[in-house]
Structure formats: structure tokens, C-alpha cells
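The values are calculated or read from the model by the stated rules, or taken from the named source; none is laboratory data. What you are looking at is a predicted structure, and each value in this text was computed from that prediction instead of being measured. Glycine gets a Cβ as well: all are built from the backbone with ideal geometry, and neighbour counts include every protein chain shown.
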Amino acid sequence: MAVVRRVRDLARAALPRSVGERLPAAPPQEVTELLHDKRFQRAVALAAEEQGRVEEEVWAEVKGYLHEMSAAHDERASQGWARMGDWFLRAYDVLVDEDQMQQLRKVDRAHSLALAFSHRSYLDGMVIPNVLMARRFSPTYTFGGANLNLPVIGSFASRTGLIFIRRSTQEIPVYRLALRSYIRQMVKNKRNLAWSIEGGRTRTGKLRPPVHGILKYLTDTVQGEGEGDPFGEDAPDVQVVPVSVVYDQLHEVSLMTEEARGANKTPEDWRWLVRFARLQRNRLGRAYLTVGEPFSLRERMDELAAEGVTGHQAVERVALDISHRLNRATPVTTTAIVSLALLGADRALTVDEVLETVEPLAAYIEARQWPVAGAADLRDRSTIRRALAELTQSGVLTAYDQGTEPVWKIGDDQHLVAAFYRNTVIHILVERAIGELALLTVSELEPGAELPPGGELQVGWEEAKRMRDLLKFEFFFPSRAGFEEELRTELRLLVGEGVTEMTPVRARELLVTARPHLAHLVLRPFLDAYLVVADRLADHGDGPVDEKDLLADSLAVGQQWALQRRVASEESISLELFRTALALARHKGLLEAGEGVGSAREAFAAELRDTLRRVNIIGEIAGDTVTVGHPEPEPREQQGRQERV
């Protein structure tokens, strides 16, 4: 009850003395301006005409939507929200790069900011406003899901700049018109806007594919009047700012991992909010807010137009650009590195064994100039030991100290939690892991093998491109030219000079002497999950597939494979990973029934088995002790006869 009273009192303290409406009787400035804007009036009239409806009826609908989504910045409410945010964040010390903030404030003085943030926690909605408010940025209006518009606190939040929007609006064209117009008016008035580019919290720790809704409305705004666009001249511009928020640990991760194993999502209501608030009583370390390089949205759209990229393709390119910048801005946490080491071993390790795995990773991170959260020294024994202790205290790891020295391992049913933390850093390791597989492919070439015009080196490039295509729904890759440049950088780190030719012997030498080896640590969990889905898909032959049933079957068989050690870790048994595999299969045209599709499904599974074979070879070179069996499948008819027996 103390938590309920605390939240209630904080909300009431910030609300006006009499609460009748969500917002004061006088609507916010942007709503008033829109309702009197001639261009907006023409847009509403046009919408009524296109839908064959009475204009007054459409106007009533528009006003209702504007009232629903409108927000204001009331000083008293904002101060109360900041206090409540501090209380919700009591599990963390929030670390901010003050030099970045100082530079961003200069941009804030001259431009409207569009803050596109990564979304790992509900706490993001507390961290970002509090950090900006404490540093006297212009008021920021943040888009949030209408599912969080709870009684009392929703009214409170709308007075602090929180704009509640609906997720599914495909069948509500008038709502989309109202939202698009509201966003344009906000930008015209130089308001700062913030939204999650992912559209919701990640369930895996790494960035989700970007959602284009808000970004599409922003690009419409900065492009001004276009064909069929009722808006006119003087289109405003915004500076897009990627904002990364990452945490040492999160209380809510365990709930998200339960959903990844098939549990129903807990609805956001007052009961959920009280439980969430109670979780924050226990300290979990630090939260880190960093920003990526800002860019002018209008200039970026003009650059793309000059390249012949327009419309939805241009929006997609900008969204991917934001995602890349977010990844680049996300710092490496000690928690992520320790989780990577222990997940890769999947057995108990001493602190010296953890350091042995982490040391080459730290050297690699330093060489690639990736930021480290809190400027931590990843080679420092006390730093690693503290991370082990904190992960043990939260239950992610278990420790045993009754022998000659303490050892730590991933706790029972905690693999997905540890994977969440590891995945916050996984984006910096993917190209290196793919490069290892490319080298291995070259090393396996037989003497006298027929080679493409580019020789052995071209064989490696083609393998890297194949892996990029296989994993393109899982990770954000740069353009093909950018991807090749990343791989060249990795080869320079291995060889110490530019690479103009390669032989199987040289490729093998590079693999054996390389440090660190990453393919088995980084790629195996995802490829194992893909193979589960591919195997279940191949079981359908040429027949139809029900996607929901396929996912359920994959969960069941995946658990069996985990028990049989046919997958390396339980973290691969995840609906989130299975859904990505399903998206890849759909892209390959493998979900529709048809003559010959069964053979294509079998080929997909075979490709994954062979890829995993090579990933396991990298693990063997690295001295990996995890043994995984990926036996060749029995003929489907024979398999069926055995089951009937």
C-alpha cells in the first residue's frame, strides 16, 4: 500500500486543484492554432469528401482525437513528474556524458530536436525527460503508447509533455490526419519531440527493426508541400538526435523473457504499475544516457532525393541511419561483457577464466574505439569481480565458493536474461564474427578448386555477403559498400596491413592466431534458433504452414533440442528469435504451399546446418568446450515410421 500511496500522492501533488478534464479548459497552443489553420481546415474538408461523410461529423472526430493526443508543459506538473521519475529511478545512478549534453544544448537553442531513442525499459520515459529538464533544455514532448494512459497518472503525464498515441491506426484515416497535422504544428513551433524508433521495448536487448510511423510524419513535415499535400510553404526542419539509454541490469527483463518463452504479456494497469514500482526498491547499478551524431532531416531527405531515393524507401533509409547511429552511440557495459563470456562457456568459470575471455574482447573494443560505459576498465579484476557479484545478487548468476576458489555460472532459467544484457553490445561484434566465417570458408577450399575471377579473396567476400543476407532481419548492417569497408577494417586488425590476396593456408593461420574468436559467442544462439524453425518448416514438405502453430511447434521441439544439447544454449529457445527466423523464411518465399517448396525448405535447413558446422569449428579453434550435435535429419517418411512404432 505504501507504493500505491506514493504514486498517488506524487500525481495529485502535480495536478490542478480540480481535475475534470485531461487538460485545462483552454486547449494547448498547437491545437488552437490547428483548428484555426486554413490549410488544416481544407485538409479536413478533403478528408470528408474522400470518405463521403458529412464535414461536421469529421470535424467532431478530429477534435476528439486532438483532445486525446494533446499535451502541455505545466510547470507544477513537470516538477512533480521529475520527482516521481527520480523515485522510480531509485535503483540506479544515472550517468550522462556532459560534454555531449553541452554540444546538444547549442543545437537545441537553434533547432527543433527530434530525439529518437532506443527502448529497453519503461524507465526510459523517466530518464530522458529528467536528464533534459535538469540541464534546462527546451521542453520535450514524448510520444508514448495509449496503453500507458492510466487513470489519474495519464492526466498527470499529459501535463508534462507526454503524448499518448494509438498503435493501430490503419483503419482510422482521420486519426492519422490529426496526428500528422499535430506533429507538423509542433515542429513549426520549434517544439522538441521524442519517440522510440523501435515502436516498443526490445525483448532481446538489441535494437528492434525501426517503426516508421512518427518518422514518416516528420519527413512529410520537413519536405513541405508535395503532391496532394494540403500543407504549404515554409516547411520547418528538425535535427534528428539518436539517444541511447542502457542499464547495467533491469528488473523487468525477467518478465520479458517469460514472454519470449510463450507467456502472455502483462497488461499495463494500476496493478502492473504498483508491481513495477516495487521492483525498483533493489539497487541495480547504473543507467547510461548517450547521444549519437545529430543530423538535419531535411538535408538528409534532399541527399536521398538526389540519389533517386524517395517516398517510403527514403523513410526506410533514414530509419536505418538512425538505428546505426544509435548502435554506434550505445556504450559497452561490464555486465554485457561478463554475460558474453559466461554464455559462451555455458559452464562455471573462475574470475581468472572470465578475465581470460574478456581481455582480448577489451583489446578489440579499444582497437575499434567503441565507447565503454562509465569509462570502466574491462581488464580490471575488481571491475569484473564486481559485475559478477552484482549479477549473482540479482539471481542471473549462481556462485559456488566451497571449493578451492569461487566459480560463477548462468543461473537456471536465466540464459535469456543474460542474453538480453549481452545483446546490448552484440552489434559491435557481428562483422568480426562474419569475417571469421569468411576466412574459414577460404581455408576449407580444396586444392585445384574452381575459383571466381577475384580468386580466394572473392570467395571470402561472397561468404560474408551470404551471412549478411542470412542475418539481415536480425542485425542492422551498413550498405554493401559500407559492409565491405567494415570487413576490410577487421582484416587490417588481423593482418596489420591491407589485404590484396588470400590463400587457404594464410586464412587458416589468421584464424588460429586471431584473438578474440567471436563467431561461436555471437552468432551461434541466433543460428541455432533459426535451425529449429527451419527444421520444423521442412517437416511440412510442400504443404501449407500455420505460422502460429509453427511457432508453438518450434518452442516445443526447441526445448527438446536444448535437453539433448542439439542447441548450445537455452537462450535460443525464444519466440523473439523464432519470429525473426519466420520473417526470413517468409522473405525467401518458404511459407506458402506449392510444388517444390518442400525442397527449398530442406535446402534452407541444410544451409543453416552447414553454417553452424563452421561456427562450431571457430569455437573449437578458440578452445570452446561446448559440444553441440546437429545431426543430419532422417528422411521424413522414415522419421514418421519410427514415431508410429
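Data for the structure
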quantity	calculated
Residue within the stretch 58-74 that is touching a helix residue (DSSP H, G or I) at 6+ places or on another chain (Cβ under 8 Å), among the basic types (Lys, Arg) and modelled with pLDDT of 90 or more present	yes
Tally of residues being in contact with a strand residue (DSSP E or B) (Cβ under 9 Å, 6 or more places away or on another chain) and part of a helix (DSSP H, G or I) across the stretch 362-385	5
Within the stretch 615-645, considering residues that are surrounded by fewer than 16 Cβ atoms within 10 Å (Cβ to Cβ) and under 32 Å from the mean Cα position of the chain (by Cα), the one modelled with the highest pLDDT	620
Some residue of the stretch 462-477 being over 26 Å from residue 533 (Cα atoms) and either assigned by TED's automatic domain parsing to the domain that holds residue 579 or surrounded by 15 or more Cβ atoms within 10 Å (Cβ to Cβ) (or both)	no
Filtered residues of the stretch 277-297 (kept if at pLDDT 95 or above and in a helix (DSSP H, G or I))	297
Subset tally (residues that are under 19 Å from residue 183 (Cβ atoms) and acidic (Asp, Glu)) for the stretch 37-63	2
So residue 463, is it in a loop (DSSP other than H, G, I, E, B) and among the acidic types (Asp, Glu)	no
Members of the stretch 317-348 that are more than 25 Å from residue 290 (Cβ to Cβ) and in a helix (DSSP H, G or I)	342, 344, 345
Per-region count, the stretch 386-413, residues at pLDDT below 95 and buried (at least 24 other Cβ atoms within 10 Å of the Cβ)	0
Yes/no for residue 194 being surrounded by fewer than 18 Cβ atoms within 10 Å (Cβ to Cβ) and either over 30 Å from residue 574 (Cβ atoms) or aliphatic (A, V, I, L, M) (or both)	no
Criterion (within 25 Å of residue 202 (Cβ to Cβ) and modelled with pLDDT under 95) met by exactly one of 568, 552, 583	568
Only one of 492, 506, 524, 536 that is buried (at least 21 other Cβ atoms within 10 Å of the Cβ), over 23 Å from residue 209 (Cα atoms) and either under 22 Å from the mean Cα position of the chain (by Cα) or not hydroxyl-bearing (Ser, Thr, Tyr) (or both)	536
Count of residues meeting criterion [at pLDDT below 95 and either aromatic (Phe, Trp, Tyr) or assigned to a loop (DSSP other than H, G, I, E, B) (or both)] in the stretch 349-361	0
Enumerated helices (runs of 4 or more DSSP H) restricted to the stretch 59-142, each holding at least 2 residues that are basic (Lys, Arg) and not assigned by TED's automatic domain parsing to the domain that holds residue 198	none
Options 419, 438, 449; residue that is under 15 Å from residue 523 (Cα atoms) and without any contact (Cβ under 8 Å) to a residue 60 or more places away in the chain	438
Inter-residue pairs, beta-carbon under 6 Å, first touching a residue at least 40 places away in the same chain (Cβ under 8 Å) and over 11 Å from residue 207 (Cβ atoms) and in the stretch 315-326, second β-branched (Val, Ile, Thr) and surrounded by 19 or more Cβ atoms within 10 Å (Cβ to Cβ), 6+ apart	315/219
Boolean, residue 13 is modelled with pLDDT of 90 or more and among the small types (Gly, Ala, Ser)	no
